[in-house]
Amino acid sequence: RALIAVNLYAGNQYWFSAAAANAKAKKIAVDLYDESGKPLTTENYSEGERASAGFSPTTSGQYFVAVSVEGEPSTVCLVYSYK
């Protein structure tokens, strides 16, 4: 599991997308947490070695993105976008 700190701004819509480099990763998950570690409600997509989570913060600040992989260890790419 990898945990990444990000600064997000209120009013923007963010998507965090992750994919494993190979099919040895049976399942991948992307989860978001607020600065106190509380899980956030997100729009989720998950299919095998690909997953994403969408979130629109109401408060600007530091948040955390967690990427978890089940199965054999694999290289993972995480991309985030916003509008």
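The values are calculated or read from the model by the stated rules, or taken from the named source; none is laboratory data. Quantities reported herein were computed from a predicted structural model and do not represent experimental measurements. Backbone-built Cβ (ideal geometry, glycine too); neighbour counts: all protein chains shown. Only protein heavy atoms, including side chains, enter the accessible area calculation; ligands, DNA and RNA are left aside. Shrake-Rupley method; radii C 1.70, N 1.55, O 1.52, S 1.80 Å.
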Selection from region 52-69 of residues at pLDDT 95 or above and either of a type outside the set (S, T, N, Q) or not in a loop (DSSP other than H, G, I, E, B) (or both) yields Ser52, Ala53, Gly54, Phe55, Pro57, Gly61, Gln62, Tyr63, Phe64, Val65, Ala66
Restricted to region 1-21 and to residues being among the aromatic types (Phe, Trp, Tyr) and in a strand (DSSP E or B), the residue most open to solvent (accessible area, probe 1.4 Å) is Trp15
All conditions in (1) of a type in the set (D, E, K, R); (2) open to solvent by less than 70 Å² (accessible area, probe 1.4 Å); (3) not in a strand (DSSP E or B) are true of Glu35 except (2)
If we keep only residues of region 70-83 that are within 23 Å of Leu8 (Cβ to Cβ) and not hydroxyl-bearing (Ser, Thr, Tyr), then the residue modelled with the highest pLDDT is Val79
Of the residues in region 46-78, those that are within 14 Å of Ala18 (Cβ to Cβ), in contact (Cβ under 8 Å) with a residue 12 or more places away in the chain and open to solvent by 80 Å² or more (accessible area, probe 1.4 Å) number 3
When Lys24 is run through (1) among the charged types (D, E, K, R); (2) at pLDDT 95 or above; (3) open to solvent by 60 Å² or more (accessible area, probe 1.4 Å), the failure sits at (2)
